[in-house]
Amino acid sequence: MSYESKAEPIRLGYLFDFKLPDSFPKEQRADLTDSFELVFRQGLERGLIDRPVEIVFREVEGLPKGTVKAVVDAYGELVDEGCLAVFGPAITDNAVPVREAIESRFHVPAISVSGADAWLGEWTFALPQGSMTDEPIYWAHLIAKLGHRTVGVIVEQSLIGESYLRHFRTACRREGLDIVAEQMVAQTAQDVGEAVGRLHAAGPDALVHCGFGFGIVHVNPALAALGWDPPRFMGTAFQNAWINPVMWRAIKGWIGLDQYDEGNKVGQRFLDEFQQAFGRRPQYCVPVVNRDLATVLLHAFADAHPLSPRGVKEALERVKMIPAASGAPGTRLSFGQWTRRGWMGAGYLVARRLHPDGVSSSLVDRFGED
C-alpha cells in the first residue's frame with residue numbers, strides 16, 4: 001500500500017462504567033462491542049468512511065458500587081488516547097457529574113444511554129435506554145390501562161430513584177392513580193423484608209420499582225414469604241437482566257420497559273446480518289441499541305469536517321431521521337443543533353414481561369398506539 005493510501009483509524013472511546021462479574025458469559029460480553037464492530041466494518045466496505053474505526057474500551061467501577069472519580073479519570077484517559085468521541089458513561093449517577101468535566105476540561109463529545117435530562121448539554125448527546133421523565137408516564141398509563149387504581153412504590157435511595165419518584169407522582173395524578181405507600185431501600189442489594197411488609201400492609205393494587213435495579217434483588221423472595229403476588233412494574237432496570245443470573249431471577253414476573261421489539265423489521269434485518277457475521281442471534285436490547293448508537297456515530301464520522309472532536313459534535317447535530325433497530329416499528333434517530341435526545345417517537349420504549357420460567361419474555365404493550 002502506498003504512503004498516500006494509509007490513514008490512522010478513527011478512535012472511539014467506549015466507557016463502560018460498571019464492572020461485569022467474572023462469571024459473565026463471554027458471548028454476552030462480546031455483545032457490548034460486536035454491533036459497533038459490524039456497523040463500522042459495513043460503513044468502511046460501503047465507502048461511507050475511508051478509514052477503519054478503532055474502539056478503545058475502558059471498564060471501570062462507577063456508582064452505585066464504585067466512584068464518580070474512576071469514571072472521570074477513565075474519560076480523561078480516552079481523551080488523551082485521541083478518541084474523537086466517547087460512548088458512555090451510561091449510569092445516571094455517573095453521567096451527570098461527568099458532564100461537568102466534559103464541558104469544563106475535555107471538550108470531546110459523548111453519547112450516552114443515560115435517561116437523565118441533566119446529562120444533556122453542548123457536548124453531551126443521548127440515545128437513552130429509558131428516561132427519568134418518560135418512564136413514569138409509561139408506567140402510570142399502563143397501570144391505569146390494566147385497570148389498577150392504587151400503587152405502592154419501592155424507591156432506591158439515589159438520584160435515579162428520586163428522579164423517577166418525583167415524575168411518577170405527577171404521572172399518577174394525571175392518570176387518576178393513588179400512591180398509597182412509598183418505601184425507600186438501598187441502591188445495592190440489601191434486606192428489603194420490612195419495606196415490602198409495609199407495602200403489603202397498605203394493600204395496593206400494584207407495585208412499582210424506581211431505581212437502577214440492584215435494590216430489587218430481594219423483593220421477589222420477600223413477596224413469596226408474604227404469599228403476595230401483586231402485579232409489579234419497573235422501568236428500564238428491566239434491561240439489566242442480561243447482566244447476571246441474579247438480576248434475571250430478581251425480575252421474574254415483572255413487567256418492565258425495554259427496547260427490544262421483535263416487530264421492528266429494521267432490528268430483525270440487523271440481527272440477520274449479526275448472525276451471519278458472528279454465528280449467533282442475541283434477541284434482546286443490547287445488540288439493537290448498540291447498532292443504533294454505532295449508526296449515528298458512523299454518520300457523524302463520515303460527515304465530520306474536520307475529523308476532530310468539534311467536527312464530530314457538529315456532524316452529530318446533522319444526523320436526521322435514520323430508521324432505528326430498537327424500539328417499536330417506526331422509531332427514528334435524529335439530532336439537531338439544540339436537540340440532544342435522539343429517539344423520535346413514543347415507541348422507543350416498549351413494555352415486556354419476563355415469564356416465571358426465567359427464560360422467555362413477551363411484548364405487553366407499545367406506547368403511542370392508543
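Can you name every residue in the range 326-351 that is part of a loop (DSSP other than H, G, I, E, B) and under 16 Å from the mean Cα position of the chain (by Cα)?
Within the range 326-351, Ser326, Gly327, Ala328, Thr331, Arg340, Gly342, Leu349 qualify.
Only one residue in Glu45, Glu61, Glu77 is farther than 16 Å from Leu12 by Cα, without any contact (Cβ under 8 Å) to a residue 24 or more places away in the chain and either outside the structural domain of Gln157 (by TED's automatic domain parsing) or of a type in the set (Ser, Thr, Tyr) (or both), so which one is that?
After ruling out the rest, the residue left standing is Glu45.
Report, by residue number, each residue of the range 96-120 that is among the aliphatic types (A, V, I, L, M) and at pLDDT 95 or above.
Across the range 96-120, the qualifying residues are Val98, Ala101, Ile102, Val108, Ala110, Ile111, Leu120.
Residue under question is Gly66, and the condition is that it be among the small types (Gly, Ala, Ser) and over 22 Å from Trp343 (Cβ atoms); does it hold?
yes
Only residues that are among the β-branched types (Val, Ile, Thr) and under 12 Å from Gln259 (Cα atoms): list them for the range 331-362, please.
Of everything in the range 331-362, those that are among the β-branched types (Val, Ile, Thr) and under 12 Å from Gln259 (Cα atoms) turn out to be Thr331, Val350.
Provide a single number: the residues in the range 20-40 that are over 14 Å from Phe270 (Cβ atoms) and either over 20 Å from the mean Cα position of the chain (by Cα) or without any contact (Cβ under 8 Å) to a residue 12 or more places away in the chain (or both).
5
State which residue pairs qualify: first residue not assigned by TED's automatic domain parsing to the domain that holds Ser362 and at pLDDT 95 or above and inside the range 258-286, second residue assigned to a helix (DSSP H, G or I) and basic (Lys, Arg) in any location, beta carbons under 7 Å apart, and separation of 6 or more residues or different chains.
Here the result reads Phe270/Arg291, each pair linking the range 258-286 to a residue that is assigned to a helix (DSSP H, G or I) and basic (Lys, Arg).
Starting from residues that are assigned to a loop (DSSP other than H, G, I, E, B) and without any contact (Cβ under 8 Å) to a residue 24 or more places away in the chain, keep the ones in the range 290-325 and report whichever is nearest to Asp258 (Cα to Cα).
So, considering only residues that are assigned to a loop (DSSP other than H, G, I, E, B) and without any contact (Cβ under 8 Å) to a residue 24 or more places away in the chain, the one nearest to Asp258 (Cα to Cα) is Met321.
Does Arg166 satisfy being at pLDDT 95 or above, assigned to a helix (DSSP H, G or I) and under 27 Å from the mean Cα position of the chain (by Cα)?
Here the answer is yes, as Arg166 does meet what is asked.
Please work out if Gln259 is at negative phi and out of contact with any Leu (no Cβ under 7 Å at 6 or more places or on another chain).
Criteria not met by Gln259.
I'd like the full set of residues that are of a type outside the set (Gly, Ala, Ser) and loosely packed, with under 14 Cβ neighbours inside 10 Å, limited to the range 287-314.
Matches in the range 287-314: His305, Pro306.
Taking the condition of being surrounded by 20 or more Cβ atoms within 10 Å (Cβ to Cβ) and touching a Lys or Arg at 6+ places or on another chain (Cβ under 9 Å), how many residues in the range 272-286 meet it?
Qualifying residue count for the region: 1.
Does at least one position in the range 303-310 carry a residue that is over 17 Å from the mean Cα position of the chain (by Cα) and over 26 Å from Ala110 (Cβ atoms)?
no
Do we find that Arg353 is modelled with pLDDT under 95, closer than 21 Å to Val86 by Cβ and crowded, with 16+ Cβ neighbours inside 10 Å in this structure?
In short, no.
Across the range 5-19, which residue is farthest from Pro287 (Cα to Cα) among those that are surrounded by fewer than 16 Cβ atoms within 10 Å (Cβ to Cβ) and in contact (Cβ under 8 Å) with a residue 40 or more places away in the chain?
Ala7
Hey, does the range 296-309 have a residue that's in contact with a Pro (Cβ under 7 Å, 6 or more places away or on another chain), assigned by TED's automatic domain parsing to the domain that holds Phe40 and farther than 30 Å from His141 by Cα?
Yes, there is a match, as at least one residue in the range 296-309 is in contact with a Pro (Cβ under 7 Å, 6 or more places away or on another chain), assigned by TED's automatic domain parsing to the domain that holds Phe40 and farther than 30 Å from His141 by Cα.
Can you tell me which residue within the range 245-262, out of those that are among the aliphatic types (A, V, I, L, M) and either within 17 Å of the chain's Cα centre (by Cα) or surrounded by fewer than 23 Cβ atoms within 10 Å (Cβ to Cβ) (or both), is farthest from Glu135 (Cα to Cα)?
Only one residue tops the list, namely Val246.
Residues in the range 137-157 that are in contact with a helix residue (DSSP H, G or I) (Cβ under 6 Å, 6 or more places away or on another chain) and either farther than 26 Å from Asn94 by Cβ or in contact (Cβ under 8 Å) with a residue 40 or more places away in the chain (or both): how many?
Number of matching residues: 5.
Is it fair to say Ala181 is of a type outside the set (Phe, Trp, Tyr) and in a loop (DSSP other than H, G, I, E, B)?
No: the conditions fail for Ala181.
The values are calculated or read from the model by the stated rules, or taken from the named source; none is laboratory data. Please read these numbers as outputs of a predicted model, since none were measured by experiment. No Cβ is skipped: glycine too gets one built from the backbone with ideal geometry, and neighbour counts run over all protein chains shown.
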